[in-house]
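Scroll down for the structure; my scribbles are underneath it.
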Amino acid sequence: MIYLNTYEQLLQDADDAHVTVHEAIDLNGDTASSKRLDGLYIDNHIALDSQLKTTAEKTAILAEEIGHHFTSVGDITDLKDAGSRQQELDARLWGYNRLIGLREIIRAFEHHCQNRYEMAEYLDVPEDYLEEALSCYRSKYGVYTLVDNYTIYFIPNISVMKHF
């Protein structure tokens, strides 16, 4: 059996959805702008910026761009438009749920991850991406949520309790 890491699984997901992924594309040129573009989705094509250094970074960006394939309609580049901002958020949430999700938080707990760093490494995502996802889940679920025989606490810190 061949084991695929999370990034390779996402590449397979894209291929299954008939989306072509172009890796290591210079999306920012020589610009020193603070508004870096790490990924771009247009008409069944995803471009990933050449400045993405780690597999975890590529994984997070690719998940969001695949999210655009499944959740976005039209040109959403004008983020002053509320509809565009909402579609950007929907794609990001799709990525959070694909890479992290409540069941993956439980899996990380079952694999004895003790903190955010260990959880991010186990899930193969950047630590700041994990923190953004957890913040999103805190906003959605509040203090805690129940999943099967588990309680996932988001406040004051991420923790998981198994019910017997």
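The values are calculated or read from the model by the stated rules, or taken from the named source; none is laboratory data. From a predicted model like this one, the values you see are computed outputs, not experimental measurements. Here the Cβ positions follow ideal geometry from the backbone for every residue, glycine too, while neighbour counts run over all protein chains shown.
Looking only at the range 134-153, decide whether some residue is among the hydrophobic types (A, V, I, L, M, F, W, C) and assigned to a helix (DSSP H, G or I).
Within the range 134-153, the subset among the hydrophobic types (A, V, I, L, M, F, W, C) is 134, 136, 143, 146-147, 152.
Within this subset, residues satisfying the condition of being assigned to a helix (DSSP H, G or I) are 134, 136.
So far as the range 134-153 goes, yes, one or more of its residues are among the hydrophobic types (A, V, I, L, M, F, W, C) and assigned to a helix (DSSP H, G or I).
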Leading residue by the ranking (nearest to the chain's Cα centre (by Cα)) among those in the range 122-146 that are over 24 Å from residue 5 (Cβ atoms) and either surrounded by 14 or more Cβ atoms within 10 Å (Cβ to Cβ) or of a type in the set (S, T, N, Q) (or both): 135
Checked the range 25-49 for anything more than 20 Å from residue 5 (Cβ to Cβ), in contact with a strand residue (DSSP E or B) (Cβ under 9 Å, 6 or more places away or on another chain) and in a loop (DSSP other than H, G, I, E, B); matches are 26, 27, 28, 36, 37, 44
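With touching a strand residue (DSSP E or B) at 6+ places or on another chain (Cβ under 6 Å) and on the phi < 0 side of the Ramachandran plot as the only criterion, which of 155, 106 stands out?
Residue meeting the stated conditions: 106.
Please tell me if residue 124 is of a type in the set (Asp, Glu) and within 21 Å of residue 11 (Cβ to Cβ).
Taking the combined requirement at face value, the residue satisfies it.
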Does any residue of the range 86-100 turn out to be surrounded by fewer than 16 Cβ atoms within 10 Å (Cβ to Cβ), under 21 Å from residue 38 (Cα atoms) and among the polar types (S, T, N, Q)? yes
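Among 98, 107, which is more than 20 Å from residue 19 (Cβ to Cβ) and in a helix (DSSP H, G or I)?
Numbers: 98 fails: more than 20 Å from residue 19 (Cβ to Cβ).
The unique qualifying residue is 107.
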Residue 156, sole failed condition from (1) assigned to a loop (DSSP other than H, G, I, E, B); (2) modelled with pLDDT of 95 or more: (2)
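Is the range 55-75 home to any residue that is more than 18 Å from the chain's Cα centre (by Cα), within 30 Å of residue 141 (Cβ to Cβ) and at pLDDT 95 or above?
The answer is no; no qualifying residue exists.
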Looking at (1) surrounded by 15 or more Cβ atoms within 10 Å (Cβ to Cβ); (2) among the hydroxyl-bearing types (Ser, Thr, Tyr); (3) out of contact with any helix residue (DSSP H, G or I) (no Cβ under 7 Å at 6 or more places or on another chain), which is the only condition residue 41 fails? (3)
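What are the residues in the range 117-133 that are closer than 18 Å to residue 97 by Cβ and either among the aliphatic types (A, V, I, L, M) or part of a helix (DSSP H, G or I) (or both), if any?
Hits for the range 117-133 are 119, 120, 122, 123, 125, 128, 129, 130, 131, 132, 133.
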Filtering the range 122-140 down to residues that are at negative phi, in contact (Cβ under 8 Å) with a residue 12 or more places away in the chain and of a type outside the set (Lys, Arg) yields 122, 123, 125, 126, 129, 130, 131, 132, 133, 134, 136, 137
